[in-house]
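To keep things clear, I will list the structure first and then write my remarks on it.
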Amino acid sequence: MKIFLDTANPEEIRKACDTGLVDGITTNPTLASREDKPFQELIKEILDIVNGPVSVEAVSRDSAGMVREAKGYSDWGENVIVKIPMTVEGMKAVKALSREGVKTNVTLVFSANQAFLAAKAGATYVSPFLGRLDDRGHSGTILLQDIMQVYKANGFGTQVIAASVRSPTHVLHAARLGVHVATLPPRVFWQLFEHPLTKEGLEKFERDWQKVKP
Ligand code: G3P
């Protein structure tokens, strides 16, 4: 499973990419709004840091507008993936863009049928939102399971991105299911490294080493 970072903060991206374990970035308008930089400048800075796909979201509501935006974003760098919302207009745009070889990430996906349509339209990636579904009393993990089953049964090549990830448990569930990518808020990325027994063990080894070191 690949790890993407779900943030538009260049400092967080630099720090996490330094580990060598980050394969790409996903952004959205909310994440971009938290950064104090013009949008294009921000995305170009991110593209310079990351050696992998960077999702950038189209905000038009009509397919022609989305296609126009997508083509503009694609000119910013070859690693740009255009995020398109799961709507009728969005799927028309994905179909047109896939014919032209523009890579897409269908976002705001909350059902396996939506994921099915995104794959049929030719999406490169599809992003089911686990956390937002869990917040409503449904199960993001069951959704992931359903999507993986539907994609396998139909031989779709669309890659599944577990999005709206809130905890290491979400990451584990996605990895168990063989999901292609999990996109993590930086907080969850760093949590994956931690375990209190690792910390405790390391402290003990350090103390004991002081007793025996030459
Ligand atoms: O980038 C899309 C998704 O990951 C958003 O997550 O936490 O706003 O539900 P969240």
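The values are calculated or read from the model by the stated rules, or taken from the named source; none is laboratory data. Fair warning: this is a prediction, and the values are worked out from it, not measured in the lab. A quick note on method: Cβ atoms are made from the backbone with ideal geometry, for glycine too, and the neighbour counts reach across all protein chains shown. Accessible surface areas use protein heavy atoms only, side chains included; no ligands, DNA or RNA. Shrake-Rupley method; radii C 1.70, N 1.55, O 1.52, S 1.80 Å.
Restricting Lys37, Lys44, Lys15 to residues that are more than 16 Å from the ligand (Cβ to nearest atom) and closer than 15 Å to Pro186 by Cβ narrows the list to Lys15. Reported count of residues in the range 8-20, each being more than 14 Å from the chain's Cα centre (by Cα) and assigned to a loop (DSSP other than H, G, I, E, B), is 4. Phe156 meets all of the listed conditions (1) out of contact with any Ser or Thr (no Cβ under 8 Å at 6 or more places or on another chain); (2) part of a helix (DSSP H, G or I); (3) more than 27 Å from Asp18 (Cβ to Cβ) but one, namely (2). Whether a residue is modelled with pLDDT of 95 or more, farther than 26 Å from Glu69 by Cα and among the charged types (D, E, K, R) was assessed, and Arg136 passes this test.
Tallying residues that are in contact with a Phe, Trp or Tyr (Cβ under 9 Å, 6 or more places away or on another chain) and open to solvent by less than 70 Å² (accessible area, probe 1.4 Å) within the range 124-148 yields 7.
Checking each residue of the range 150-159 against the condition of being open to solvent by less than 20 Å² (accessible area, probe 1.4 Å), among the hydrophobic types (A, V, I, L, M, F, W, C) and either under 15 Å from the mean Cα position of the chain (by Cα) or away from the ligand (no atom under 15 Å from the Cβ) (or both) gives no match.
Return the pair list, or none, for Cβ contacts closer than 9 Å from residues in the range 3-32 that are at negative phi to residues that are within 10 Å of the ligand (Cβ to nearest atom) and of a type in the set (Lys, Arg), at least 6 apart or on different chains. What qualifies is Thr26/Lys83; Thr27/Lys83; Asn28/Lys83. Of all positions in the range 88-95, none carries a residue that is surrounded by fewer than 19 Cβ atoms within 10 Å (Cβ to Cβ) and either outside any helix (DSSP H, G or I) or on the phi > 0 side of the Ramachandran plot (or both). Could you please let me know if Ala123 is small (Gly, Ala, Ser), within 16 Å of the ligand (Cβ to nearest atom) and closer than 22 Å to Trp76 by Cβ? So Ala123 passes the test. Could you say whether any residue in the range 30-48 is buried (at least 21 other Cβ atoms within 10 Å of the Cβ) and either among the polar types (S, T, N, Q) or assigned to a strand (DSSP E or B) (or both)? No - not one qualifying residue is present in the range 30-48.
The set of residues from the range 49-84 being touching a Gly at 6+ places or on another chain (Cβ under 8 Å), part of a loop (DSSP other than H, G, I, E, B) and either surrounded by 22 or more Cβ atoms within 10 Å (Cβ to Cβ) or hydrophobic (A, V, I, L, M, F, W, C) (or both) comprises Val50, Pro53, Ala58. The residues listed here are Thr169, Thr198; of these, the one that is in a helix (DSSP H, G or I), away from the ligand (no atom under 15 Å from the Cβ), at pLDDT 95 or above and of a type outside the set (Phe, Trp, Tyr) is Thr198.
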